[in-house]
């Protein structure tokens, strides 16, 4: 069953997986209370990761559990959620439960460069990424190779109204298709502050530098001019503050004086693909918790 | 207080840290039982890592907790241990509690090459590794730079009796100095089966290849001859099966046709130092659980 | 012009690129003789890499030059080659000149797993790899997404004649299509000794381990069983000695106890793709010189 | 003989090594002219690396040659240099010849943190770095473990005169000791513009971030606050523009939300040591050519 994939690899057959993510001020007894609650409801904890941020005095946890033996019946997870809500109130928790059976729906937004687009489509097709991709949106015409519906929403660079119109169309499509995740797979437009504020929690962007170095345009050109010996890529949630959102994943590769800008572009493509795919996978598996402008990632 | 360092960085002042490591057949309720027990005794769980090995149907956990408010008094951890033993019986657990206040004592064994030796001494001196080093043992005379007592136990290569005698002397020193951890920091002798069987659980060796490639002697020469493009280093528990013990840490670096054997030796030194230091740190912080011939490392 | 790409990035417009690769016993004057010869013919050396293997007393060089001002006319490279042949005789050189204008033709062979196949096709389409791909050959039916002709040559596992017949068919296709390079992009059949001996110099295989560890079948399973902390991929020329041919490129990635075999397979896919693409690119750009069982790669 | 080490590993016994580094506007015939000149003088080219920067239209070369059979006698390298000067004039070259027999003299400057200091001393002692270290200079008292003379030149933070006085003392020491290379091994003072302008070509600094990110003070704290997933170290020539000089070497390591600032400091130490050692080794072996604000490094 496809649904089992969402939190990682298949475990025992017949299990029904759910993930609980939570954050709260750090205090004694949280771990025991959560474990006791799930155990009391007949759930089996399959894995648990936790982290205490001493500086911020915050506690983070991700628990994956099997609810196939839920005492109130596996169809009644709403009752379990009410139980969690009560514990949450006690500890002032911010929490969310996701059922693995409910697959997320992602929209891919892309401009001219299609290497990240193809890479994600191949990973979905091979089952490495568990999500549905009902729509690809682009300012350009891109090849249709994987049978995914494609919407061409061009922008007239010098007409601000065209940009606003495009954003409205995107919003309508997201609504219509029931999109849970927006992936900016080398999408070269900047969204309005309003759009970002409504969507950033489920919008992942790939930037082609190791942030915070080379924020903004033409990072490979600026890396070349600075004479750096490493280049990088960064996947982050796309807040209204350009390239300053919470970082999910980063990686770098070595370059030398022999690498021209086109060489950096080529080497960078491999980085961008793997870093973006990693961030998307972690997001789809509910492994990321955002706090302030940082992420806790339970790999 | 130095003692707090053993499980990682300092947390709240005034806390008393202990680590519980356990493994048992995977079953429902383990996590809740352990959390409940510690909570019931007045302990505060500072961090918890767990892992379920689906193939082997085994469960592993490492819990670090503060017992400064232990209800039976922080001096009475023996009572807490009796409580754990009861839970352990129920789940058929293999378990161990370590108190951070009790610093481990390590013996460093070395032959001619002293880069790993110096590296470990510098890390202990800087506080990066939390342990006492009461003794260095070597078949050669090495420089004394850090004021650590040094025992020169030479071996006459063609006299097997000399080897057995050296081993007996080492055993006596380990006993005398109350050694908890033996670090073979490029120690080029092979111990007897009997010695290994008694000590392997607390003996870490650094081998200068990415095992299982190039087990045994002269790995850099053989890597050069094979024309590999990466070389590596492996830290592992030293069982009686040469270079086949449970692997704790590995890393590699790239080489090219330009790298001669001496170049590989030079590049390898940096790998050996960092890989060995990492494994020693994890062992000292009780982050490693061995099962069969593999390790679970809670980083 | 596409032809300019074969040796790397575009340089001055209007230049005609060629590459000279040579190896010979190391002796005084080789560098000066080659430089003088090319200069005397009116060629401009664009880049030159050389390496002296002291152990083997061998000298290797790769010179890329512009022959657009060839004194005997750029159409008469045969005369230049006669000049090189004379110098070569003096120094006992093994040498080869490739004109960038002549694009290589590669056949991709694949079994069930298609991630390397798609990856190579995408890189060719984007211009990152400069070659023609006239044919894909597989024992299975694979999807046709990039408009490349596909030949399905199945094998009946228990019928040795079927294997020999398939090999003969492959040989005929290679002949017919004028193939310069065979890429075994996760092709799970072992060729006959005779086939390997005729083709190994232009056959690149990707093996899913860091050789020489885990040669042969099921390397990820064996890596999992050994409990290694890194996994790797190796691209090599496919000699008749299984997984023992000259290594062109290798890379690794870290794994932990949490990585199951399917996780290793997933992580390994990214390695296999990038390592194979790198080796194919270097081969296409005539950057690889083989000596004995090792490679000199002028990156 | 130790002196042979300066350009890499020992080659044939009895050879006398020299290195020629040059840069000039790119033009036809440079390679042939240089090779011909050295050959004509009876020198044997041991290795040669070159690079043409198409953007800047510049040519760079490093040639290592054996002058033991110099026709005018190996003691008369001045005559060879006159020959090179003539070729250089023709091509408008900036060039320098270094004789391996002449060992460089390095001064190590350090503040409180001594991990880079010890690391360099150990590498010199083991023969990995070929240079003399006649003096260590520090604003603090550091341990004397390797018998190297030590000068304590404290600074009174609030007294600018104390800073100027210290700089004058340093200048005097550099003069007195015949220093060729200044290594700022975590030296936390900023030199005056005048000092930098006189010394930057032979002053290597290690900065604890992947520049250009986190220039200036407290880079680990700022990396922690930004929530990056990689941290880095950069070795560069210390120009008067703080942390903006030509980069020689960089490397990074992964971090996660679990890494506090002290964890980053610990992980960073290993980076700083290896990156600084690499840059120092390349500089000592005359592998670095600076052009504008970038480096060409012939590894």
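Just a few scattered comments:
- When the range A:106-132 is limited to residues that are closer than 16 Å to residue A:285 by Cα and touching a helix residue (DSSP H, G or I) at 6+ places or on another chain (Cβ under 6 Å), the one that is surrounded by the fewest Cβ atoms within 10 Å (Cβ to Cβ) turns out to be A:128.
- Sole residue being within 7 Å of chain C (Cβ to nearest Cβ), modelled with pLDDT under 95 and in contact with a strand residue (DSSP E or B) (Cβ under 9 Å, 6 or more places away or on another chain), chosen from B:226, B:258: B:258
- Among (1) more than 14 Å from chain D (Cβ to nearest Cβ); (2) over 21 Å from residue C:204 (Cβ atoms); (3) surrounded by fewer than 18 Cβ atoms within 10 Å (Cβ to Cβ) - the single one residue C:80 does not satisfy: (3)
- Candidates are the residues of the range D:165-188 that are assigned to a helix (DSSP H, G or I), more than 21 Å from residue D:281 (Cα to Cα) and within 22 Å of the chain's Cα centre (by Cα); the one that is modelled with the lowest pLDDT is D:167.
- So residue A:232, is it at pLDDT 95 or above, closer than 24 Å to residue D:249 by Cα, within 11 Å of chain D (Cβ to nearest Cβ) and buried (at least 18 other Cβ atoms within 10 Å of the Cβ): yes
- Considering residues of the range C:20-31 that are more than 13 Å from chain D (Cβ to nearest Cβ) and farther than 12 Å from residue C:84 by Cα only, the residue surrounded by the fewest Cβ atoms within 10 Å (Cβ to Cβ): C:25
- Answer residue from the range A:121-146, given it is part of a loop (DSSP other than H, G, I, E, B) and touching a residue at least 40 places away in the same chain (Cβ under 8 Å) and is farthest from the other protein chains (Cβ to nearest Cβ) among those: A:139
- Of the residues making up the range C:226-250, those that are farther than 18 Å from residue B:222 by Cβ and touching a helix residue (DSSP H, G or I) at 6+ places or on another chain (Cβ under 8 Å) number 9.
- Residue that is nearest to the other protein chains (Cβ to nearest Cβ), among those in the range B:274-293 that are in contact with a helix residue (DSSP H, G or I) (Cβ under 9 Å, 6 or more places away or on another chain) and assigned to a helix (DSSP H, G or I): B:274
- Verdict on residue D:241 being at the interface with chain A (Cβ under 9 Å from one of its Cβ atoms), modelled with pLDDT under 95 and out of contact with any strand residue (DSSP E or B) (no Cβ under 6 Å at 6 or more places or on another chain): no
- Options B:292, B:241, B:251: the member that is surrounded by fewer than 23 Cβ atoms within 10 Å (Cβ to Cβ) and on the phi > 0 side of the Ramachandran plot: B:292
- When residues of the range A:189-205 are limited to those that are part of a helix (DSSP H, G or I) and in contact with a helix residue (DSSP H, G or I) (Cβ under 9 Å, 6 or more places away or on another chain), the one nearest to residue A:248 (Cα to Cα): A:202
- Residue match in the range C:200-217 (condition: closer than 30 Å to residue B:290 by Cβ, more than 23 Å from the chain's Cα centre (by Cα) and assigned by TED's automatic domain parsing to the domain that holds residue C:251): no
- The single condition from (1) modelled with pLDDT of 90 or more; (2) surrounded by 14 or more Cβ atoms within 10 Å (Cβ to Cβ); (3) closer than 30 Å to residue B:290 by Cα; (4) not assigned by TED's automatic domain parsing to the domain that holds residue B:28 that residue B:93 fails is (4).
- Among the residues listed as D:98, D:138, D:68, D:33, the single one being within 28 Å of residue C:57 (Cβ to Cβ) and in contact with a strand residue (DSSP E or B) (Cβ under 6 Å, 6 or more places away or on another chain): D:98
- Only residues that are facing chain B (nearest Cβ under 7 Å) and either closer than 13 Å to residue A:66 by Cβ or surrounded by fewer than 21 Cβ atoms within 10 Å (Cβ to Cβ) (or both) were counted in the range A:32-48, giving 7.
- In the set (1) over 30 Å from residue A:258 (Cα atoms); (2) part of a strand (DSSP E or B), the condition left unmet by residue A:162 is number (2).
- Only residues that are in a helix (DSSP H, G or I) and free of Cβ contacts under 8 Å to residues at least 40 places away in the same chain were counted in the range C:229-273, giving 5.
- Residue D:220 vs. criteria in contact with a helix residue (DSSP H, G or I) (Cβ under 8 Å, 6 or more places away or on another chain), at the interface with chain A (Cβ under 9 Å from one of its Cβ atoms) and in a helix (DSSP H, G or I): no
The values are calculated or read from the model by the stated rules, or taken from the named source; none is laboratory data. This structure is a prediction, so every number in the text was calculated from the model and none was measured. Cβ: placed from backbone, ideal geometry, glycine included. Neighbour counts: every protein chain shown.
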